[in-house]
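The values are calculated or read from the model by the stated rules, or taken from the named source; none is laboratory data. In this text, all values refer to a predicted model and were calculated from it rather than measured experimentally. So basically every Cβ, Gly included, is an ideal-geometry build from the backbone, and we count neighbours across all protein chains shown. These accessible areas exclude ligands, DNA and RNA; they are computed on the full protein's heavy atoms, side chains included. Shrake-Rupley method; radii C 1.70, N 1.55, O 1.52, S 1.80 Å.
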Amino acid sequence: LMEGSEAIVRAAIAAGCRLFAGYPMTPFTEVLEHSARLLPEVGGVCMNAESELEAVGMAWGAAATGARAATGSTGQGLSLMQESLSELTMAEVPLVVFNMSRSQGDYFQATRGGGHGDYRHIVLAPQDVREAIELTQLAFHLADKWRNPVLVYGDYLLAHTQESVTVEPLDFGVLP
């Protein structure tokens, strides 16, 4: 059995993520904690930032240098990241962002773009842990393919549900 938040991190690692930056906010905290535990085992780094603003900035810096990077939070934390997410979209920097939402109110922020400018980013919403493993890996592929941030939209249930799953790297084809 594996909890959803651990499965998501293991899937991110299988996809090549080597930098994760975040600020603890429930129900996102466990994603950050599993990242801190698992990334060093593969030569990766997890940064527990001072705030969501610093977390997205750290992940942005890593992604801009070509590293597969991710960040995340929950609705209120993602509100603080909106300016950076809109700028990342305009700058065509691939980044994966995890939203372990607290309520359905996050839906509009996630799907309509909450920051400055006329932009949309890709949003993937897994319904269970098994699908979260696949969509997390697909998120990194799509971010690189379309040079665009991709948001993986989860919630408390996804983060804390345990399922009998394994995480294997998935091949989504050659990137341009």
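Mind telling me which of the residues Gln76, Gln127 ends up being assigned to a helix (DSSP H, G or I) and of a type outside the set (Gly, Ala, Ser)?
Working: Gln127 fails: assigned to a helix (DSSP H, G or I).
On inspection, the qualifying residue turns out to be Gln76.
Gly72 meets the conditions (1) modelled with pLDDT under 95; (2) surrounded by 17 or more Cβ atoms within 10 Å (Cβ to Cβ) in every case but one. The failed one is (1). Screening Asp106 against (1) surrounded by 15 or more Cβ atoms within 10 Å (Cβ to Cβ); (2) at pLDDT 90 or above leaves a single unmet condition, (2).
Residues are listed down the side, and each one gets a yes or a no for (1) of a type in the set (D, E, K, R); (2) open to solvent by less than 30 Å² (accessible area, probe 1.4 Å); (3) out of contact with any helix residue (DSSP H, G or I) (no Cβ under 9 Å at 6 or more places or on another chain):
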| residue | (1), (2), (3) |
| --- | --- |
| Asn48 | no, no, no |
| Gly66 | no, no, yes |
| Ser86 | no, yes, yes |
| Arg130 | yes, no, no |
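Scanning the range 134-156 for residues that are more than 12 Å from the chain's Cα centre (by Cα) and open to solvent by less than 50 Å² (accessible area, probe 1.4 Å), which turns out modelled with the lowest pLDDT? Only one residue fits best here, namely Asn148.
Using the structure shown, decide if Gly61 is surrounded by fewer than 22 Cβ atoms within 10 Å (Cβ to Cβ), free of Cβ contacts under 8 Å to residues at least 24 places away in the same chain and outside any helix (DSSP H, G or I). First the steps, then the outcome.
On the way: surrounded by fewer than 22 Cβ atoms within 10 Å (Cβ to Cβ): yes; free of Cβ contacts under 8 Å to residues at least 24 places away in the same chain: yes; outside any helix (DSSP H, G or I): no.
No: the conditions fail for Gly61.
Evaluation of Ala91 against the conditions (1) at pLDDT 90 or above; (2) closer than 19 Å to Cys46 by Cβ shows that the sole unmet condition is (2).
Put simply, of Ala159, Ala125 the only residue that is closer than 23 Å to Gly16 by Cα and open to solvent by 40 Å² or more (accessible area, probe 1.4 Å) is Ala125.
Could you tell me which of the residues Ala139, Ala159, Ala67 is in contact (Cβ under 8 Å) with a residue 40 or more places away in the chain, part of a helix (DSSP H, G or I) and touching a Leu at 6+ places or on another chain (Cβ under 7 Å)? Please lay out each step first, then the result.
Details: Ala159 fails: touching a Leu at 6+ places or on another chain (Cβ under 7 Å); Ala67 fails: part of a helix (DSSP H, G or I).
Unique residue meeting the criteria: Ala139.
Looking across the range 16-33, the residues that are crowded, with 23+ Cβ neighbours inside 10 Å and outside any strand (DSSP E or B) come down to Cys17, Tyr23, Phe28, Val31, Leu32.
Given the options Val129, Val123, Val167, name the one that is within 16 Å of the chain's Cα centre (by Cα) and more than 26 Å from Met90 (Cβ to Cβ). It would help to see each step written out before you state the result.
On the way: Val123 fails: more than 26 Å from Met90 (Cβ to Cβ); Val167 fails: within 16 Å of the chain's Cα centre (by Cα).
Going through Val129, Val123, Val167 in turn, just one is within 16 Å of the chain's Cα centre (by Cα) and more than 26 Å from Met90 (Cβ to Cβ): Val129.
Yes/no matrix, rows are residues, columns are (1) more than 23 Å from Val167 (Cβ to Cβ); (2) of a type in the set (Phe, Trp, Tyr):
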| site | (1), (2) |
| --- | --- |
| Phe28 | no, yes |
| Leu39 | no, no |
| Ala59 | no, no |
| Ala63 | no, no |
| Gly66 | yes, no |
| Thr71 | no, no |
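Checking each residue in the range 1-29 for being of a type in the set (D, E, K, R) and over 15 Å from Leu170 (Cβ atoms) picks out Glu3, Glu6, Arg18.
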